[in-house]
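Notes for the one structure printed next.
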Amino acid sequence: MTALRTPAGRQGPGALPGDAVARLDVALRRRASGALSGDHLTPGAATGMEIAQLRPYEAGDDVRRLDPAASARTGVPHIRLQVPERAVTVWLVLDVSPSMAFGTQGRLKSDVTEGVAEVVGRMAVRRGGRIAVAVVGGAVTRLLPPSGGRMALARLRALIRAGVVPDGAPGAPTAAGALANGLRRVARLARAKGVVIVVSDFRDPDWAGPLRQVAARHTVVAVQVVDPAESELPDGGQLVLVDPETGDLVEVDTSSPALREVYAGAERERRAQVTSGLRHAGAGHVVLHTNRDWLRDLGRSLA
Amino acid sequence: MSFAAPWWLLTALAVPLLGGFWWTQRARRRQHALRHPGVAMIGAMVPRVPAWRRWLPAGLLALAALGLSATVARPQMTFDVPVEKASVVLVTDASGSMEAADVQPTRLQAAQLAAERFMSAIPDTLLVGVVGYASSVRATLDPTLEHEQVRATIAALDADGGTASGDALNAALDSLAARKGDDGETAPAAIVLLSDGKTTEGTSPLEAADRAEQLGIPIFTVALGTDDGVVMQPDGELLRVPPDPETLRAIADRSGGRAFQVEDTGALEGVYEDLGSRIGTEPEEREVSAAFAGVSLLLLAGGLGVGLRWRSRVV
């Protein structure tokens with residue numbers, strides 16, 4: 001098991017104001033409830049917050065549901081009924097491969113991942129929900145089984161703080177396809193319908209099949225984290241670049257505009273492929289940039 | 001190849017030192033490589049340069065540096081330079097024994113063919129003279145640049161009579177001693193004596209050899225013929241005419257030349273060719289720094305040009 005390490009240059013996710021988290025909660029729950037449609041009560045359902053109806057008391061109703069304000073107003077006893085909510089299990093798939101420990105504009109991609117994980121964790125454990133985490137990126141997927149409450153949040157925070165997989169050395173075996181393996185594992189383990197949030201840069205190969213498998217049963221939201229230096233190569237003259245995953249070196253003359261053009265075009269094509277792959281899988285797609293306010297972008301995309 | 005100032009060759013050590021420095025710089029650049037997640041994509045975009053194209057500019061520059069280092073050490077090479085105002089006299093035996101056919105077609109004709117070979121091997125600046133002799137000196141030609149005349153004189157020789165080698169040598173020495181160079185010194189000279197038998201008349205050839213040694217004129221002797229050589233006499237009898245290599249060797253040794261013994265036409269022609277180049281030219285050491293500098297500059301230009309064109313950088 002490769003030990004995770006805090007990446008050099010870690011900035012942290014930034015400030016997380018509480019009301020932003022609450023707004024995200026409502027938005028995500030609205031998304032999730034669409035997939036949990038059904039008016040019948042299911043085992044394990046609890047009373048939710050959303051009001052379903054306010055009607056006059058009938059014999060046999062639960063007395064605890066009497067609404068004093070409505071009864072006083074009309075003079076007839078009224079009861080308030082709420083939408084039954086099932087405890088939602090949120091699966092969080094976090095990509096901590098070496099390529100995530102990259103950032104040129106004030107924040108690393110892994111910092112944004114941390115922030116999204118913290119926010120989703122807080123939302124998930126509200127009102128009895130449960131959170132499970134699958135950390136993908138190394139040779140082995142680390143799992144945090146579904147649990148709820150403050151303990152779950154503490155464990156999630158400890159896992160986030162562990163960091164990312166260290167850079168691969170040339171000659172060492174690489175963990176290509178880690179994202180695909182993690183998604184397959186989640187598809188196998190997550191039985192009950194829930195929400196799966198995948199936070200990654202989607203640079204791994206072959207994630208589309210397993211993601212389709214997961215999206216067949218759950219609501220999937222794919223959060224793609226992007227850094228501007230990935231979309232376009234900066235002009236730095238003769239550079240030696242190293243791949244964080246494999247340790248391969250390549251010497252490239254970035255002062256050539258033709259080369260930068262070709263790279264930008266190839267990167268645009270790759271991102272278009274990611275977008276279409278996510279659309280075919282039926283997953284929601286959020287793109288977060290490291291040089292922008294990711295929390296605001298996340299809220300705007302989910303709403 | 002030799003070097004006039006060999007200590008300067010130590011400057012060639014700069015090449016491996018620079019190479020080592022460049023290597024450490026390269027390693028340093030790789031150590032401080034920038035991380036980028038898109039390297040796999042870039043690797044697919046950048047064309048794979050074959051190894052020889054990557055190393056060619058550096059290789060050419062290293063060769064140019066070595067060439068310049070050699071230039072500074074003043075290289076010198078030995079060239080064969082035609083001797084100025086040198087003369088050689090071909091003393092050819094035309095006695096009756098030269099009719100023998102043991103050397104095809106006859107000894108005399110073989111000698112004439114060999115002399116042709118000699119003429120083609122010598123530079124145009126060499127003066128050639130002829131002394132054809134039998135019982136006495138038959139034909140003389142003073143050393144001249146008109147090589148056609150020499151050819152004609154040799155071709156006109158007939159085989160008849162005895163062998164007066166000493167007289168012939170003296171005649172040759174007379175014609176050579178008279179020549180003087182521009183600076184008042186006697187120009188270099190040599191004599192090539194071709195004979196097939198003992199001296200039968202006239203002065204002793206060994207005395208002529210001593211005189212040649214005093215004058216500083218080496219005599220190269222060629223003993224022609226085999227022990228089975230025979231000649232048909234007018235009365236129908238066969239006379240055996242073996243060569244006399246001992247005397248000829250003594251003549252050569254005394255005068256500071258070399259003795260050759262040949263038994264067939266091919267060897268004779270070979271000897272004359274060797275003599276032609278030996279007498280007509282002398283080794284001289286000349287500096288070739290200019291050639292080295294020129295080649296080094298070409299390599300330098302080539303290395304820089306190739307580097308800038310292919311890789312848009314010098315090394």
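Just so it is clear, none of the values below were taken in a lab; they were calculated from the coordinates. The structure displayed is predicted, hence computed values, not measured ones. Note that we place each Cβ from the backbone using ideal geometry, even for glycine, and neighbour counts take in every protein chain shown.
Using only Cα atoms, find the angle between the long axis of helix B:165-177 and the longest principal axis of chain B, and express it within 0 to 90 degrees, rounded to the nearest 10.
Here the helix axis deviates by roughly 50 degrees.
Looking at chain B, which longest stretch skips every one of the trypsin sites (Lys or Arg not before Pro) that is in a DSSP loop with at most 11 other Cβ atoms within 10 Å, leaving the sites themselves out? Walk me through the intermediate numbers first.
On the way: sites that count: B:Arg48, B:Lys180, B:Arg313.
Answer - B:181-312.
Would you mind classifying segment B:1-83 by shape? Square roots of the alpha carbon gyration tensor eigenvalues, ordered a ≥ b ≥ c; an a/c under 1.5 is rounded, otherwise it is prolate if a/b is larger than b/c and oblate if not.
On the way: a/c = 8.25, a/b = 2.54, b/c = 3.25.
Verdict is oblate for segment B:1-83.
Between B:Ala14 and A:Ala139, how high is the FRET efficiency from 1/(1 + (r/R0)^6) when r is the Cβ-Cβ distance and R₀ = 56 Å? Nearest 0.05. List each step's numbers first, then the result.
Numbers: r = 50 Å, r/R0 = 0.89.
Once rounded, the FRET efficiency stands at 0.65.
Cα centroids of segment B:71-86 and segment A:135-205: how far apart, whole angstrom?
Each part reduced to its Cα centre gives a spacing of 81 Å.
Applying 1/(1 + (r/R0)^6) with R0 = 45 Å to the Cβ-Cβ distance of B:Ala5 and B:Glu207, what FRET efficiency is obtained, to the nearest 0.05? Could you put the intermediate results ahead of the total?
On the way: r = 50 Å, r/R0 = 1.11.
FRET efficiency, B:Ala5 to B:Glu207: 0.35.
Out of every Cα-Cα pair in the protein assembly as shown, what percent are more than 34 Å apart? All intermediate terms of the calculation are to be shown ahead of the outcome.
Values: 126518 of 190653 pairs.
That tail contains 66 percent of the Cα-Cα pairs.
Between B:Ala134, B:Ala58, B:Ala110, find the one with the highest GNM mean-square fluctuation for chain B; connect C-alpha pairs within less than 10 Å.
Maximum among the listed residues: B:Ala58.
Answer rounded, prolate or oblate for segment A:223-290, using the Cα gyration tensor with square roots of eigenvalues a ≥ b ≥ c: rounded when a/c is under 1.5, else prolate when a/b is larger than b/c, else oblate. Let's see the in-between values first.
On the way: a/c = 2.46, a/b = 1.98, b/c = 1.24.
The shape class here is prolate.
To make sure I understand the rule: partners must be aspartates and glutamates, Cα under 13 Å from the Cα of B:Lys85, and not fewer than 8 residues away in the same chain. Which ones qualify?
Straight-distance partners of B:Lys85: B:Asp124, B:Asp182, B:Asp183, B:Glu185, B:Glu282.
Assuming R0 = 41 Å, can you tell me the calculated FRET efficiency for the pair B:Ala51 and A:Arg23, based on Cβ-Cβ distance, to the nearest 0.05? Intermediate values should be presented prior to the final figure.
On the way: r = 59 Å, r/R0 = 1.45.
Here the calculated transfer efficiency is 0.10.
Could you state the angle between the C-alpha long axis of helix B:107-121 and the longest principal axis of the C-alpha atoms of chain B, as a value from 0 to 90 degrees rounded to the nearest 10?
So the inclination is approximately 30 degrees.
Given H placed on each backbone N at 1.01 Å, which residues far from A:Gly194 in sequence or on other chains put an amide H within less than 5 Å of it?
A:Thr219
Hand me the GluC sites (Glu not before Pro) from segment B:164-253 located in a DSSP loop with no more than 10 other Cβ atoms within 10 Å, in residue order please.
On the way: sites: B:Glu185, B:Glu201, B:Glu207, B:Glu213, B:Glu237, B:Glu246; in loops: B:Glu185, B:Glu201, B:Glu237.
Sparse-neighbourhood loop GluC sites (Glu not before Pro): B:Glu185, B:Glu237.
Measure out, as a whole number of angstrom, how far apart the alpha-carbon centroids of segment B:258-315 and segment B:1-64 sit.
Result: 32 Å between the Cα centres.
Subtract the Cα-Cα distance of B:Glu273 and B:His147 from 0.36 nm times their separation in residues, and report this length gain in nm to one decimal.
43.8 nm
Using only Cα atoms, locate the centre of segment B:110-175 and the centre of segment A:277-293, then give the distance between them in Å, rounded to an integer.
106
Once label points are set 7 Å from the Cα along Cα→Cβ at both B:Val295 and A:Arg268, what is their separation, rounded to one decimal in nm?
5.4
Quick one: angle between helix B:51-72 and the longest Cα principal axis of chain B, in degrees between 0 and 90, rounded to 10, please.
So the helix axis and the longest Cα principal axis differ by about 50 degrees.
Under the rule of -39500 (n - 2.57) per DSSP H run of 4 or more residues, summed and divided by the residues of chain A, what mean residue ellipticity at 222 nm is obtained, to the nearest 500 deg cm²/dmol?
Numbers: 9 runs with 115 residues, N = 303.
The helix-only estimate for chain A comes to -12000 deg cm²/dmol at 222 nm.
With a 10 Å cut-off between alpha carbons and a GNM built on chain A, which of A:Val225, A:Val93, A:Val26 moves the most?
Checking each option, the largest mean-square fluctuation is seen for A:Val26.
Could you calculate the contour length gain from B:Met232 to B:Glu287, that is, 0.36 nm times the residue separation minus the distance between their Cα atoms, to one decimal place in nm? The partial results should precede the final answer.
Working: separation 55, 0.36 × 55 = 19.80 nm, distance 5.91 nm.
That works out to 13.9 nm of additional length.
Can you bin segment A:259-303 into rounded, prolate or oblate? Criterion: square roots of the alpha carbon gyration tensor eigenvalues sorted a ≥ b ≥ c, rounded for a/c under 1.5, prolate for a/b above b/c, oblate for the rest.
Numbers: a/c = 5.15, a/b = 1.35, b/c = 3.81.
Since a/c reaches 1.5 but b/c is at least a/b, the shape of segment A:259-303 is classed as oblate.
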